[in-house]
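S.K.: Please see the structure below; I have some questions.
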Amino acid sequence: MFGNLLRHFGESSPSARQSKALAQQAIEQLVDKIDPRLRLVPVYQKALLPAVKLSLDYIKSLPGAMQNPLDLSLSAFRQDSRLGLFFASPGSLLALLRGSPELQEYFASPSSSDTVFALLLMKRSETQRFGIADENGTLRGDVAQTVVSFDNHKLVFPSLSLEALLGTSSERSMDVLGDVIARRLQLLEMTRLSLDVELTRIELKLSCLTTPGTVLIDAMEADGPVLPDSRGELEARRAEVKMCLSELRPLATPDGLLAALVDMLNRPADFVRMSLSTLYLSRFGIKLNEAAGEAATELCFEEVELGAGVVEHRAVVPVRTSRQALAELEQAFGEP
């Protein structure tokens, strides 16, 4: 599902001209997201076009199995054990539906349908523990277990139908990749600023060491790492910081930022990855094997990994709900 949604922007077009137009549209969306100053570089479109096309081809290659949407309603919560694994209680399901700005905006429109399809995004976590388990008819209390949990729920892309969800506006695909790259560039810029401050502190401390009687009051000490006291260690650290800054300082210029963006777009798999996952869980969220039979609930979802370095993992499931389902949850679990 998520792969299909991303691929929508990279679908083949009847002509090379249309394909180029789509890529140019993606370029302008990226520039707006990353830094409009990129337009100061006269050849920014020419420089970005091959890299954007490569990213769109990568998006097109992502797997995208069509899944039946999961019903988000009180009756489904009582009958479908998957909902009990995705949500702690019907109240938490209500909190998601009531707290989703996109869903509320959709339902606020009189022309919107009563039933809505969307994507449910969740953070999947695994913890290890020792618990009680039945092994060949004998209860043991020291069995290693993996407990799976889901939190940070979010509903996105509310649509009239499942087909409309797949065909959601084309810019969504590049938004996913663009958001991740934008966060990466912001992190690099914050690192550059921090190293600039550290270099200033090092230079001041070295100056004090070479000028007898000088007292240094480091007002920026709380905002950075503790500096060494010896001159040799300070000079070694200064060389390391200067080397890092030589790589990061070009990002402060439109030309350097453009080069970095082209490099990242040429490596889309470093920032967005997706796979199809199937888990078998007990009603307590304990991971089981497929042979567990009726004791196991099968969970199928698409797992998306976003980012480089610090990676975010998201489970993605197509869902369906309605105004009536929301009203029933409100009546049963809403505040009086």
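S.K.: Any chance you could run the full-extension gain for Ala236 through Ser277? It's 0.36 nm times the residue separation minus the Cα-Cα distance, nm to one decimal.
M.R.: Details: separation 41, 0.36 × 41 = 14.76 nm, distance 4.73 nm.
Difference between extended and current length: 10.0 nm.
S.K.: Order of 229-242, 321-334 by packing, highest average Cβ count within 10 Å first?
M.R.: 321-334, 229-242
S.K.: Now a separate question. In debye, nearest 20: dipole of the range 181-265 around its Cα centre with unit charges on the Cβ of K, R (+) and D, E (-)? Display every interim value, and only then the final one.
M.R.: Details: 10 positive and 14 negative charges, 18 e Å.
Dipole of the range 181-265, to the nearest 20 debye: 80 debye.
S.K.: What length, rounded to one decimal in nm, is gained on full extension from Ser246 through to Thr146, with 0.36 nm per residue of separation minus their alpha-carbon distance? Intermediate values should be presented prior to the final figure.
M.R.: Working: separation 100, 0.36 × 100 = 36.00 nm, distance 4.49 nm.
Length gained between Ser246 and Thr146: 31.5 nm.
S.K.: Which far-off residues, 5 or more places away or on another chain, put their amide H under 5 Å from the one on Val143, with H placed in the peptide plane?
M.R.: Amide H neighbours of Val143: Gly131, Ala133.
S.K.: Over the range 181-265, what is the relative contact order in whole percent, taking alpha-carbon pairs under 8 Å and six or more residues apart? Provide the component values of the computation, followed by the final result.
M.R.: On the way: 42 pairs, mean separation 32.6, N = 85.
Over the range 181-265, the number comes to 38 percent.
S.K.: Assuming R0 = 25 Å, can you tell me the calculated FRET efficiency for the pair Arg98 and Ser75, based on Cβ-Cβ distance, to the nearest 0.05?
M.R.: On the way: r = 18 Å, r/R0 = 0.72.
It comes to 0.90.
Only the coordinates and a few stated rules stand behind these numbers; no lab work does. Not measured: the values here are computed from a predicted model. Cβ sites come from the backbone with ideal geometry, for glycine too, and all protein chains shown count toward neighbours.
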